[in-house]
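In what follows, a single structure is set out as structure tokens and then discussed.
The values are calculated or read from the model by the stated rules, or taken from the named source; none is laboratory data. Because the structure is predicted, anything quoted here is derived from the model rather than measured. When we count neighbours, we look across all protein chains shown, and the Cβ atoms used for this are built from the backbone with ideal geometry, even at glycine. SASA here: full protein model, heavy atoms, side chains in, ligands and nucleic acids out. Shrake-Rupley method; radii C 1.70, N 1.55, O 1.52, S 1.80 Å.
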Amino acid sequence: MLGLGLILTGGWAWLMLFAINLSLIENNTASFRSVWTAIRQNWLIATLLWFVDLLFFALVIWEFYALGSLKSGVFKLLWGALLCLAVFLVLSVNVWIWPMLVKRKIASAEILDYLRTCLLLSFHYLGRTVVCIAIITVPALIMMIFPSFFWQVATWLICFGVSFGVYLIVLLIHQHLGDFCTEPGAPTRPFTS
């Protein structure tokens, strides 16, 4: 959580959380070597994805505040629906790309292929993706809808909830990632269909 609190190391922190949980689920143990290997292989891409996510969600928050100043109810509803769809798509890709960064070294030239593959995986396993997104968003929604619970939920997230949420996400999707990420002779380009 300290890593996630710092702008520069946020990508490394997410990568570390997913590496620890994948090791625990697949090998029944988490070794420093597996975590370090994942960070060493993809730290730059993880950092760039973290910055892109921060920028995207900052823009979404700004857009939602701008929605409040619109007069037209129909346009407001359509624009809000479009923003919700964009958030859903970005969260769907995030659910799959972070554990994929742990499982396989991704070259910067391949990142668009992997993002497209993550989007396809998210629709192929839509039920699992929706549950993973719920794990991410429900605590944030509780804090927004019930401000009186803000500090209780924030404390739970900081002390326990983020790691537990990542564990549940990895538990839901790790078998489906293994189809094309773990074979030693796997092609460098992911499946796109």
Note to self: Using alpha carbons only, how many angstrom separate the centre of the range 90-143 from the centre of the range 1-79?
What the structure shows: 10 Å
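Skip the ligands, DNA and RNA, and give the accessible area per residue of the range 28-97 with a 1.4 Å probe, whole Å².
So the range 28-97 comes to 65 Å² accessible per residue, rounded to a whole number.
Using a 1.4 angstrom probe on heavy atoms only, work out the carbon and sulfur share of the accessible area of the range 69-128 in %.
76 percent
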Check: What net charge do the residues around LEU91 carry, taking every other residue with its C-beta under 14 Å from that of LEU91, with Lys and Arg at +1 and Asp and Glu at -1?
Finding: 0
Next item on the list: Note down the accessible area of LYS105, probe 1.4 Å, to the nearest 10 Å².
Entry: 120 Å²
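Let's test the formula: R0 of 25 Å, r as the Cβ-Cβ distance of CYS159 and ILE61. What FRET efficiency results, to the nearest 0.05?
So, using R0 = 25 Å, E works out to roughly 0.50.
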Note to self: If you fit an axis through the alpha-carbon atoms of helix 32-67 and take the longest principal axis of the Cα set of the chain, what angle between them do you get, 0 to 90°, nearest 10?
What the structure shows: 10 degrees
Check: Most mobile of ARG128, ARG33, ARG104 per a Gaussian network model of the chain (Cα springs, under 10 Å)?
Finding: ARG33
Margin query: Spelling out what I want: for every residue of the range 79-92, take phi, set θ = phi - 60°, compute 6.51 cos²θ - 1.76 cosθ + 1.60 (Karplus), and round to whole Hz; glycine and proline get x.
Written below: 5, x, 5, 5, 5, 4, 5, 4, 5, 4, 5, 5, 5, 4
Margin query: Let me see the P(r) profile for the chain: every Cα-Cα distance counted, bins of 5 Å, each bin given as a percent of all pairs.
Written below: 1, 7, 14, 19, 21, 16, 10, 6, 3, 2, 1, 0
